Amino acid sequence: MKKFEENIRKVTPYVPGEQPSGSDIIKLNTNESPFAPSTMVQMAIASMMPDALRKYPDPDASDLVREIASYYDVDESKVFVGVGSDDILGMSFLTFFNSDKPILFPDITYSFYDVWADLYDIKYETIPLTETFEINPDDYKKENGGIVFANPNAPTGIALPKAQVEEIISANPDSVVIVDEAYIDFGGETVLDLIDKYENFLVVRTFSKSRALAGMRVGYAFGSETLIKALKDVKFSYNSYTLNVAAIRGAKAAIKDDEYFVGLVDEIKKTREETKRKLKQMGFECTNSQTNFLFAKHETVPAKEIFEKLREKSIYIRYFDKPRIDEYIRITIGTKEQMNALIMALEDILN
Ligand code: PMP
């Protein structure tokens, strides 16, 4: 190692799902929406004046914050926006997890949490989910420097009831509790209203899944004025202009087209249940997913083999070679046609 390299920060990065290209590919590996965003989004971007691109964007993205606040009936001072929920979560780790005590999160959850913790030198302890992949609130009633979990959880898809989420928050008044609601529009109970009850509680959401805007990179968070101000202070100490002008305009238009959004979510939930029923008939066991993906295990054929054989057929799903979940595959819910193609391919592989 050269001398200068010794001073370079060494990290093991998060590995996002593959983004293969090609028209014959069925991409069910990164929980994107299989549908286009609202046409209002496309119109909002197409009608942008070049002058809007010449200038810096509004550093507060106030137009978008106002739209989100009004849609969710929350005060603007309690809303924060970022470049996808990853940006907000990463910034939240940096802002709120600044204790000598370890932060807590489940052993099986979004695999970015331990990466941020390592990046920012935050001590952490992973709490095993139960045998049935559930979060047990009692496990989070001990000293900690913060708590973060996804609800519904990923990649299990399982949702923790609101009363139990509140049990975790109320037991931890001395640290910040973050609930990552990336998939909440597809099921489970939101705990958004608890931001008015608990000053130390943050909810993080995204436009990437239910609003079909993963490529635009927009996330949002709700929390007390104290938490949002702290996030803003860190953001403005790092990069004032996180959201670009097109993202601000597009996301605002997406929020406005509520009818389209409700239709998209409905369609995905229906297709999820239909696919789950078919998978069951083929010998798969699925968790009770409340998200836009299924987490499934076959009774005889190893998950890795299914993953690899589907890939040979240009169908991309996600496989995690990790303890406890290496027998499972995660399948993003696509269009009805895509799911039919998946079922046909699986029939072929299993026979
Ligand atoms: N949280 C969870 C649980 C996720 O699965 C994802 C998607 N990878 C994210 C957050 C980040 O999504 P985005 O940055 O696109 O908002």
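The values are calculated or read from the model by the stated rules, or taken from the named source; none is laboratory data. All of these numbers come straight from a predicted model, not from anything done at the bench. Methodologically, a virtual Cβ is constructed for each residue, glycine included, from the backbone with ideal geometry; neighbour enumeration extends over all protein chains shown. What goes into the accessible areas is simple: the full protein's heavy atoms, side chains included, and nothing from ligands, DNA or RNA. Shrake-Rupley method; radii C 1.70, N 1.55, O 1.52, S 1.80 Å.
Here are some notes:
- Residue within region 46-62 that is assigned to a loop (DSSP other than H, G, I, E, B), among the small types (Gly, Ala, Ser) and free of Cβ contacts under 8 Å to residues at least 12 places away in the same chain present: yes
- Lys101 more than 16 Å from the ligand (Cβ to nearest atom), under 23 Å from Gly223 (Cα atoms) and of a type outside the set (Phe, Trp, Tyr): yes
- Residue in region 136-158 that is closer than 30 Å to Ala46 by Cα, aromatic (Phe, Trp, Tyr) and within 16 Å of the ligand (Cβ to nearest atom) present: no
- Hits in region 18-43 - residues which are in a loop (DSSP other than H, G, I, E, B), under 21 Å from the mean Cα position of the chain (by Cα) and closer than 16 Å to Leu342 by Cβ: Pro20, Leu28, Asn29, Thr30, Asn31, Glu32, Pro34
- Exactly one residue out of Thr275, Thr291, Thr287 is under 30 Å from Ala61 (Cα atoms), surrounded by 20 or more Cβ atoms within 10 Å (Cβ to Cβ) and either touching a residue at least 12 places away in the same chain (Cβ under 8 Å) or of a type outside the set (Gly, Ala, Ser) (or both), and it is Thr291.
- Only a single criterion out of (1) within 24 Å of Ser33 (Cβ to Cβ); (2) more than 23 Å from the chain's Cα centre (by Cα); (3) in contact (Cβ under 8 Å) with a residue 24 or more places away in the chain is not satisfied by Met282, namely (1).
- Search result, residues across region 294-316 that are more than 23 Å from the chain's Cα centre (by Cα), under 22 Å from Thr335 (Cα atoms) and open to solvent by less than 60 Å² (accessible area, probe 1.4 Å): Ile306, Leu310, Ser314
- Condition check for Asp73 on (1) on the phi > 0 side of the Ramachandran plot; (2) within 16 Å of the ligand (Cβ to nearest atom): one failure, at (2).
- Scanning region 160-169 for residues that are part of a loop (DSSP other than H, G, I, E, B), open to solvent by 20 Å² or more (accessible area, probe 1.4 Å), out of contact with any helix residue (DSSP H, G or I) (no Cβ under 6 Å at 6 or more places or on another chain) and within 19 Å of Asn98 (Cα to Cα) turns up nothing.
- Filtered by the rule that a residue be surrounded by 11 or more Cβ atoms within 10 Å (Cβ to Cβ) and either more than 22 Å from Thr271 (Cα to Cα) or within 13 Å of the ligand (Cβ to nearest atom) (or both), region 20-41 gives Pro20, Asn29, Thr30, Asn31, Glu32, Ser33, Thr39, Met40, Val41.
- Residues being within 14 Å of Pro102 (Cβ to Cβ) and open to solvent by 20 Å² or more (accessible area, probe 1.4 Å) - total across region 118-159: 10
- Region 174-197 residues that are farther than 20 Å from Phe93 by Cβ and of a type in the set (Lys, Arg), paired with ones that are away from the ligand (no atom under 16 Å from the Cβ) and open to solvent by less than 20 Å² (accessible area, probe 1.4 Å) (beta carbon under 9 Å, 6 or more apart): Lys197/Ile169
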